[in-house]
Amino acid sequence: MSLYDDALALAPDLVRLRHDLHRFPELGLVLPRTQERVLQALDGLPLEVSLGASLSSVTAVLRGGKPGPVVLLRGDMDALPVVEKAPVPFAAANGAMHACGHDLHTAMLAGAAHLLAARREQLHGDVVFMFQPGEEGWDGAGAMLAEGVLDAAGRHPVAAYALHVVSAMPHGEFSSRSGPILAASGSLKVTVHGAGGHGSVPHRAKDPIPAACEMVTALQTMVTRRFDVFDPVVVTVGLIQAGTQRNIIPETAYFEATVRTYSAEAESKVADTTVELVRAIAAAHGLRAEVEYVPGYPVTVNDGAETDFLADTVREVFGEERYRTLPNPATAAEDFSRILDAVPGSFAYVGAAPKGVDPENLPANHSPYAEFDDAVLPDGAALYAELAARRLAA
């Protein structure tokens, strides 16, 4: 039987695991129940398992029966602080939700461990299964790197792969691209300091609110006039806080922005330029601004050869029509970027819309109404396993 045939046979177990994880989502770096459930799913397999010290990670090494290199497979495990409204019988009820499908990634990776363990003697090398907490803004990949995930097998991987489901993407479609596939993320935090006073006599105060508003507008203009349109930058102010009452001029105004870039050069420039711009506007108003630019995840860059290999594998296993090359990168960000900074590899999407449903009409990832079709679980497990087995053999 093929790996895909075996994955289809595993489907009921993968669905049960996914539903159990979905009912009890956990946030951040510490996921004790999720970690325990993953260990149960791996129990009995010939794996060398180690647990994270600062986070609830699980790293499992499968030693192949033949000499060869190391391949790493990543699956993230954490949920989001979203109250679930999806009409599924296994919905969460604890105020969190697997609204980005990480429960599917975890089940797929556990399935791949079973598939490859059954073929251990035929593997030309070792496989590292990286079950990672804290992808949703907690930099779990960075923490696992610091704890030595790349040395888990005793030598560095030659390739690394990660899959990510998309609720509003055609069922069973795999997609990726060479080069940048996801943006770098950063955050801009600004506190404008003025002097409070009565709203009826603004000349006797130093009002931080108009200056903050001017900063927000100027940041948008900065993007269109200081940056190359072919090396895109996105700056979105999503939080503004100031004042307590309409006739009181506050002492401070505060706002935060998310910043997305696709090159190290653009990120470095936007970090310097935003800080310079905000401080200059504050000074022009006779005010002072505290400005902090906080780098987040770097650009997720797919290796060209590894992405071609992934595409060829999808076409051979599932059919030519199941793979699509993305024309452009997405503006989301991913900490798998840190793995790809150290190891050549590829990040790919898996369409998880229900069969026969127009994905354009479905809620997207991170929505409280997002749903993901269980039917893609064996597809993802099989692709993980095929990528590892074929890359080791190569």
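Antiparallel beta bridges, as assigned by DSSP with both residues in the range 42-144, represent about 60 percent of the total such bridges.
Bridging of Lys206 to aspartates and glutamates at a Cα separation below 20 Å is possible for Glu214, Glu251, Glu290, once same-chain residues fewer than 8 apart are set aside. Here the Kirkwood formula puts the hydrodynamic radius of the range 318-394 at 15.1 Å, using every distinct Cα pair.
Averaging 1/r over each pair of different alpha-carbon atoms in the range 8-118 and inverting the result gives 14.8 Å, the Kirkwood hydrodynamic radius. Please say if the chain is rounded, prolate or oblate, where rounded means a/c under 1.5 for a ≥ b ≥ c the square roots of the C-alpha gyration tensor eigenvalues, and otherwise the choice is prolate for a/b larger than b/c and oblate otherwise? Taking the square roots of the gyration eigenvalues as a ≥ b ≥ c, the chain is prolate.
Annotation note: trypsin sites (Lys or Arg not before Pro) in the range 298-394 located in DSSP loop regions with a Cβ neighbour count of at most 12 within 10 Å are Lys355. Temperature 10 °C, viscosity 1.306 mPa s: under these conditions the Stokes-Einstein estimate for the range 241-347, based on its Kirkwood radius over C-alpha pairs, is 89 µm² per second. Considered as an equivalent ellipsoid built on the Cα gyration tensor, the range 127-271 has semi-axes of 43, 19, 15 Å, the largest given first.
When the trypsin sites (Lys or Arg not before Pro) in the range 115-199 are filtered for DSSP coil states and for at most 12 other beta-carbon atoms within 10 Å of their beta-carbon, the remaining sites are Arg155.
Ignoring any ligand, DNA or RNA, what whole percent of the accessible area of the chain comes from carbon and sulfur when the probe is 1.4 angstrom? Of all accessible area on the chain, carbon and sulfur atoms account for 53 percent. Taking the centroid of alpha carbons for each part, the range 1-73 and the range 185-207 are 51 Å apart.
About its Cα centre, the dipole of the chain is roughly 680 debye, where the only charges are +1 on Lys and Arg Cβ and -1 on Asp and Glu Cβ. Counting only lysines at least 8 places from Lys355 when in the same chain, those with an alpha carbon closer than 30 Å to its own are Lys85. Annotation: per residue accessible area for the range 210-311 equals 53 Å², rounded to a whole number [probe 1.4 Å, protein chains only]. State the antiparallel share, in %, of DSSP beta bridges confined to the chain, rounding to the nearest 5. Within the chain, antiparallel bridges account for around 65 percent of the total. Only DSSP H runs of four or more residues enter the estimate; each adds -39500 (n - 2.57), and after division by the residues of the chain the mean residue ellipticity at 222 nm equals -11000 deg cm²/dmol. Structural descriptor for the chain: relative contact order 25 percent, calculated from alpha carbon pairs under 8 angstrom and at least 6 residues apart.
Applying 1/(1 + (r/R0)^6) with R0 = 30 Å to the Cβ-Cβ distance of Glu292 and Ala93 gives a FRET efficiency near 0.20. Largest first, the three principal axis extents of the alpha carbons in the range 200-272 are 47, 19, 16 Å in whole numbers. Computed over protein heavy atoms with a 1.4 Å probe, the accessible surface of the range 55-197 works out to 27 Å² per residue. Within straight-line reach of Lys269, meaning a Cα separation under 25 Å, sit the following lysines at least 8 residues removed in sequence or on another chain: Lys189.
The values are calculated or read from the model by the stated rules, or taken from the named source; none is laboratory data. Because the structure is a prediction, the values reported are computed rather than measured. So basically every Cβ, Gly included, is an ideal-geometry build from the backbone, and we count neighbours across all protein chains shown. Ligands, DNA and RNA are excluded from the accessible area calculation, which covers all protein heavy atoms including side chains. Shrake-Rupley method; radii C 1.70, N 1.55, O 1.52, S 1.80 Å.
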